[in-house]
Amino acid sequence: MGYSQNPLRISLPSRVIVLPIALLLLASFRFDSLLFAQEPGSVSLEPGKDRGGYNYSSFITDAPHEACQNACASDTNCQAYTWVRPGVKNPQAVCYLKDTVPEASGNPDCVSGVKLLLPQGLTGGLSYWRPEEVKNVGIVDKTATLNPQGGRQAKSGWQTLSDGDIGAKTDQGFYHQELTSQGGGITSQTPDRFMLPAGTACGFHHTTNSSSSCMGIDPGANKCPNGWIARRHFDMSSGDGNADCLGGFFPQHCGYFVWCEYTDPHKLCEDSDCVQSAVGFASVGIKSNTDPTGDTLRFGCPTGTGRTSFYDMGRGEGQGLSFCLYSYPWVPPGPFDPHAGAIPGSSRNTTPGGPGPVPGPNANSCDKWGSTCVPQKNTCCSTLSCTWIARERIWECCKGIDPVTQTCGIP
């Protein structure tokens, strides 16, 4: 268990109301999921979970688990806690504060939680914007990266950066929000123990157009913190002609999209509750389908997100960078229509649960293999079939699913 043998006894402040144990237990286990407030420093609630080890302090208490949760929230050294119900190791409840996030295990006698610590430079709200054709706009905790006119905006404590796409028009291409130190982003001595899903991005930027780092380490130097992998994708139109940009890494002559991808090496964020909490503010699953150095650990996108098309104006259609896009509010997908809406002017369905597609000025151009579509109206697929691609969680125009790659078959 997460407790030590000799917890310290502390007296409770006078404002703490001591309730009957039966009522405390009822209150303690009424919760059925891990809930983050999505603000750095907030502390989660995990009923029936024990996080053993890494105790630096403990105390006996007559208070419910909220007292333990609050003690962790107010202590800068605390990264996680476990509250053990009365009568297990002590007649009273015991609270254990931890300076590292241990792995969780099931235990009905415990309530645990983790402080939401997020890395400085965390990438959120990744977006791709070419208003005549595509408007994939991400969010950070309900704050969209771009407004409907394409103007930048950001959640408090975050900043929005324009990463572009050389070959596209000025002010078009990739955008993202980045967590700042003023917003609670930290530089951690244990960067491999964040409660973030594998595939989370940090320090995303374009080596020519924008600047960023992940906890002070620049992925543009092909380096990342412990527990993170340096990724890159060559922006095809960015070379100056003096280097083989596809054959190596030459940032002085070529432009690259670079980022650090989290590996979650201790498997701290594999359950669906943790993943679903994260996708509302962190960008996950950035993937290149042309450069092996830009691949992702994620096999598919998390529930509640869908993979965008692949973008790089210097390459052929359907080649470049893609990411898992979260739209708010998310309506759970039905059996036939996980992406029922579309932003006007886009073939990409980005408003799940919306009123249906609104064809844009280039709607007729999307009758191509690999274009996204809406199944009820077979939108954009007059000569192809609108097919559900489970691996990518999108509908695409194609002749069927390739049995090997589980993507659109050969056109």
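FYI, it's all coordinate maths here, none of it is from the lab. Computed from a predicted structure; not experimentally measured. Counting neighbours? That spans all protein chains shown, and the Cβs are built from the backbone with ideal geometry, glycine included.
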Task: Listed residue pairs exceeding 24 Å between alpha carbons, taken from LYS135/LYS169; LYS115/LYS267; LYS142/LYS169; LYS169/LYS223; LYS89/LYS267 - done: LYS142/LYS169; LYS169/LYS223; LYS89/LYS267
Open item on the list: From zero outward in steps of 5 Å, how is the percent of C-alpha pairs of segment 186-239 spread across the bins?
Closed with: 4, 18, 30, 23, 13, 7, 3, 1
TODO: Rounded to the nearest 0.05, what FRET efficiency do ALA243 and SER181 give with R0 = 30 Å and r taken as the Cβ-Cβ distance? Could you check?
DONE: 0.30
Task: Residue-span extension gain [ASN222 to HIS266] - 0.36 nm each, minus C-alpha spacing - done: 13.5 nm
Task: For segment 123-326, radius of gyration divided by Kirkwood radius, i.e. Rg to Rh on alpha-carbons - done: 0.94
- [ ] Give the Cα extents of segment 212-289 along the principal axes, in whole Å, largest first.
- [x] 48, 23, 20
Open item on the list: From the P(r) of segment 141-236, could you give the percentage of C-alpha pairs in the tail past 17 Å?
Closed with: 56
Open item on the list: Checking the cross-link filter: which aspartates and glutamates have an alpha carbon closer than 13 Å to that of LYS399, excluding same-chain neighbours under 8 positions apart?
Closed with: ASP367
Open item on the list: Can you give me the long-range amide H partners of ASP163? Hydrogens built in the peptide plane at 1.01 Å from N, cutoff under 5 Å, separation of 5 or more residues or another chain.
Closed with: PHE174, TYR175, HIS176
Task: Interchain or long-range residues, amide H under 5 Å from SER57's placed H - done: LEU97
TODO: First measure r as the distance between the Cβ atoms of SER211 and GLU66, then evaluate 1/(1 + (r/R0)^6) with R0 = 60 Å and state the FRET efficiency to the nearest 0.05.
DONE: 0.90
